[in-house]
Amino acid sequence: MGRWIGLVLPGLPQLLRREAFKGTSVLLLWLGLLVVGLTRFDRVTAAFDGGLHDRVALLTLFIGLIGAWWWSFRDDRSHRIGRGEVPYGSGAGQGVWEAFRRNRMAVLGLGIILTLYLVMLLTPFLAPFEPELREAYQPGGDASRILNPPSVRNIMGTDQYSQDVFSRILYGARISLSIGLLAVGISVTLGGLLGAIAGYLGGRIDWVIMRAVDVVMAFPKLVLIIVIVAVFFPASLFVIVVALAFTQWPFMARMVRGEILSLKEREFTEAARALGFSRRRILFRHLLPNAVGPLTVVAALGIGNAIVLEAGLSFLGLGVQGGHTSWGKMVFEGRDFLLDEWWIATFPGLAIVLAVLAFNLVGDGLRDALDPRQGGGAGP
Amino acid sequence: MSLLEIRNLRTHLAVPGGIARAVDGVDLDLGEGGTVGVVGESGSGKTLLALSILGLPPGGPDQIIDGSSIRYRGEELVGVGNKRLREIRGGEIAMIFQEPMTSLNPVFTVGDQVRESVGLHTSLRGRAGKEEVVRLLGEVGIPDPSARMRDYPHQFSGGMRQRVMIAMALAGKPSLLIADEPTTALDVTIEAQILDLIKETQTRLGMGLLLISHDLRTVSKVCERLVVLYAGRVVESGPTAEVLASPKHPYTRGLMGSRLSMDDRRKSLRPIPGEVPEATSWPRGCRFHPRCGEMIPRCRTREPDLLPLEAAAPDSGGAVGPTTGVRKARCWLLGETGGGA
């Protein structure tokens, strides 16, 4: 019975079993994607011949739908078969995840982040207008479309070029959210690697790497980024990502170095050496995986940080140039209208706040969950 | 040719406050398939001795002083290249450690860790590798190994983890197993099981065994020969039964007096007063003299040599094989030549 419900409404069987968390998230995902797919059916079909973004959105839609359905089905089945035992997932990460889940704010943050990225991927289906559609400037355009307050037609109003603010926020998420992710991705890789090498090898190599870290950290972040961006002005997306990553890697390096320093004194390191494993293998296969937990915390907080920095950069007019928009750039463009036409700058500003808040909540939640002294995550 | 032949091994560590001469001229012999126990208090250099054999003293192999010699089946290990040392570690000489709680990597499953060891020292990959892991885990007494190999170390008890460590050590089919206080962190009941397992495995595979312990009783259960270490030096060595029956060095007698025995309940504990001195400044003369109850003036000024005793029972001389060897002790009380006890 439950199985057949699950085929139509994935998540409902889990919900009926009072697994509220799993159930609601899967059900919401399924219903949301279904609504998007049905109400925007014309765009979905058109997307088959569309550009890259259209195809990505299409792929997201299908993977999401099939994923939700498949997961619910499998979960339901394993639940019936393995009654009374844990069918999967009793690993070392289990305790962390349990502690994380007990922290409601962190779970809320994770939900916001996942929703934001889902929306970002589905933007071509969701946005009511093209981001650069200036209706007032079209041949035979309607001049009254300029600076409209929020209404049913433009739920977040229009800006001075008659562009729809809501649609621009959706498209701007691409730049803002992916910059954060890319910058932190690069800085985690670079900083993690250098920190691990410094911590494990020690001596002169450690000294050189850590002095480089000190030098970079001695500069105020924003000043350093502005200098790099100004040198390469007009800066491409790539330059901005690299500039952001460059200011962040020292923090990752420091953290990982500290972790490795303490891990390499642990007995399993000695045991690995006594069993004949090479130094490289011990560092990358045995020690680094142990540092992944703390690294995730710094990374989550770092993404929020990078989003703010990019917004600041865009606000100063040094952000991504060309046709791209980002949340920071939208705030920049709306600054002259802040008092009367408040919606132009406020909504993108709120989007920044929401994203950064979500990443910080997740970062804090992870830190609490990973901290053994707090007995696994006391909520706020 | 003996399996392991250590001559004048000196490992000195640079520590704040000087040079710690933690292992300072140790001789040790171990025949093929033989068992030797190394006994001493904390700070006597037992663990460092074991790590030195593998070329793993904490500050790098440079800390083994020139003139030291460690021969494994005739091959000199002191000064040998890193690549060869890595082949020897795990492949020829394997080691298990004191703390089974922390000797396994917490983020990988037990099966993965044994498998990595299998992959490093054998050509078994894929399915065969997995089967080997199951076989090894079964061999060391893990029940239902094919299911438990998917568990993480924290899901195992201390004794079970030590069994896993032994399985990892056996993966490379070593000819010599060094066990550094393998049962110290375990319950007494588990201790007996693990010792039995080590002994049984050693006999079955014909490995040599170097068992390090602070506990004479542990060693006497398993080892044919005994080496008593004090302050980085061997103070007495010989066949276990003979040493325990008539300990020649006051320190050995002290060690025996500081343990409780079920048999002689009326005997009170007689602990050795004081503790092992700092390795940066060993006492002049005999290194044990400040704690020795039988000190004579000469002990303060000159250090006695480790000399062979006269065979206790001449008629058993023929039975003394390469694995047991002669008895030696380092004490002035035994006379100038060492033989006149």
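For region B:167-195, give me each residue that is away from every other protein chain (no Cβ under 13 Å) and either part of a loop (DSSP other than H, G, I, E, B) or touching a Gly at 6+ places or on another chain (Cβ under 7 Å) (or both).
Of the residues in region B:167-195, the ones away from every other protein chain (no Cβ under 13 Å) are B:175, B:183, B:186-195.
Of everything in region B:167-195, those that are away from every other protein chain (no Cβ under 13 Å) and either part of a loop (DSSP other than H, G, I, E, B) or touching a Gly at 6+ places or on another chain (Cβ under 7 Å) (or both) turn out to be B:SER175, B:THR183, B:LEU186, B:ASP187, B:ILE190, B:GLN193, B:ILE194.
Go through the residues of region A:268-285 one by one and say whether even a single one is within 14 Å of chain B (Cβ to nearest Cβ), of a type in the set (A, V, I, L, M), outside any helix (DSSP H, G or I) and out of contact with any Asp or Glu (no Cβ under 6 Å at 6 or more places or on another chain). Full working, then the answer.
Keep residues of region A:268-285 that are within 14 Å of chain B (Cβ to nearest Cβ), which gives A:268-285.
Then drop every residue that is not of a type in the set (A, V, I, L, M), which leaves A:271-272, A:274-275, A:282-283.
Narrowing the set further to residues that are outside any helix (DSSP H, G or I) leaves A:275.
Right, trim to out of contact with any Asp or Glu (no Cβ under 6 Å at 6 or more places or on another chain) and you get A:275.
Yes.
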Of all the residues that make up region B:187-203, how many are within 13 Å of B:THR35 (Cα to Cα) and out of contact with any Lys or Arg (no Cβ under 9 Å at 6 or more places or on another chain)? 5
From the list A:VAL241, A:VAL213, exactly one residue is assigned by TED's automatic domain parsing to the domain that holds A:GLY293, over 24 Å from A:ILE113 (Cα atoms) and in a helix (DSSP H, G or I). Which is it? A:VAL213
Quick one: is A:LEU222 modelled with pLDDT of 90 or more, on the phi < 0 side of the Ramachandran plot and surrounded by fewer than 23 Cβ atoms within 10 Å (Cβ to Cβ)? no
If I ask for residues that are assigned to a loop (DSSP other than H, G, I, E, B) and farther than 20 Å from A:PRO150 by Cβ, which ones from region A:307-346 would you list? A:LEU316, A:GLY317, A:LEU318, A:GLY319, A:VAL320, A:GLN321, A:GLY322, A:GLY323, A:HIS324, A:SER326
Answer yes or no: is there a residue in region A:295-313 that is more than 14 Å from chain B (Cβ to nearest Cβ), farther than 30 Å from A:GLY202 by Cβ, of a type in the set (Asp, Glu) and without any contact (Cβ under 8 Å) to a residue 24 or more places away in the chain. no
Residues of region A:198-208 being under 29 Å from the mean Cα position of the chain (by Cα) and hydrophobic (A, V, I, L, M, F, W, C), in sequence order, are A:ALA198
Just checking: which of the helices (runs of 4 or more DSSP H) contained wholly in region A:4-72 hold 1 or more residues that are crowded, with 20+ Cβ neighbours inside 10 Å and at positive phi? none
Going through region B:203-221 in order, the residues found to be at pLDDT 90 or above and either touching a helix residue (DSSP H, G or I) at 6+ places or on another chain (Cβ under 6 Å) or in a loop (DSSP other than H, G, I, E, B) (or both) are B:GLY206, B:MET207, B:LEU209, B:LEU211, B:ILE212, B:SER213
Is at least one residue of region B:147-162 in contact (Cβ under 8 Å) with a residue 60 or more places away in the chain and of a type in the set (Asp, Glu)? no
What are the pairs with Cβ atoms under 7 angstrom where one residue, in region B:233-255, is more than 15 Å from B:LEU28 (Cβ to Cβ) and the other, located anywhere, is surrounded by fewer than 20 Cβ atoms within 10 Å (Cβ to Cβ) and among the basic types (Lys, Arg)? Sequence gap at least six, or different chains. B:PRO247/B:ARG253
Apart from one, (1) touching a residue at least 12 places away in the same chain (Cβ under 8 Å); (2) over 24 Å from B:GLU278 (Cα atoms) all hold for B:GLN63; the odd one out is (2)
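Wholly within region B:32-125, which strands (runs of 3 or more DSSP E) include no fewer than the required count, namely at least 2 residues that are within 10 Å of chain A (Cβ to nearest Cβ)?
Numbers: elements: B:35-39, B:69-72, B:93-96.
Because the criterion is at least 2 residues that are within 10 Å of chain A (Cβ to nearest Cβ), the strands (runs of 3 or more DSSP E) in region B:32-125 that meet it are B:93-96.
Only one of A:VAL256, A:VAL292 is within 24 Å of the chain's Cα centre (by Cα), at the interface with chain B (Cβ under 10 Å from one of its Cβ atoms) and closer than 16 Å to A:THR189 by Cβ; which? Quick ask: steps written out before the conclusion?
Numbers: A:VAL256 fails: at the interface with chain B (Cβ under 10 Å from one of its Cβ atoms).
Going through A:VAL256, A:VAL292 in turn, the sole match is A:VAL292.
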Among the residues of region B:143-161, what is the count of those that are away from chain A (no Cβ under 14 Å), under 25 Å from the mean Cα position of the chain (by Cα) and buried (at least 19 other Cβ atoms within 10 Å of the Cβ)? 2
Lone qualifier among B:ILE53, B:ILE70, B:ILE88 - being closer than 30 Å to B:GLY274 by Cα, among the aliphatic types (A, V, I, L, M) and not assigned by TED's automatic domain parsing to the domain that holds B:LEU137: B:ILE53
If we keep only residues of region A:69-116 that are β-branched (Val, Ile, Thr) and modelled with pLDDT under 80, then the residue nearest to A:LEU12 (Cα to Cα) is A:ILE81
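Right, A:ALA235: assigned by TED's automatic domain parsing to the domain that holds A:GLU333 and more than 30 Å from A:GLY349 (Cα to Cα) or not?
Details: assigned by TED's automatic domain parsing to the domain that holds A:GLU333: yes; more than 30 Å from A:GLY349 (Cα to Cα): no.
Considered against the rule, which asks whether it is assigned by TED's automatic domain parsing to the domain that holds A:GLU333 and more than 30 Å from A:GLY349 (Cα to Cα), A:ALA235 comes out as no.
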Which members of region B:296-341 meet the condition of being modelled with pLDDT under 85 and within 11 Å of B:PRO250 (Cβ to Cβ)? B:LEU334
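The values are calculated or read from the model by the stated rules, or taken from the named source; none is laboratory data. Source: prediction; values computed, not measured. In this analysis, Cβ positions are derived from the backbone assuming ideal geometry, glycine residues included, and neighbour counts consider all displayed protein chains.
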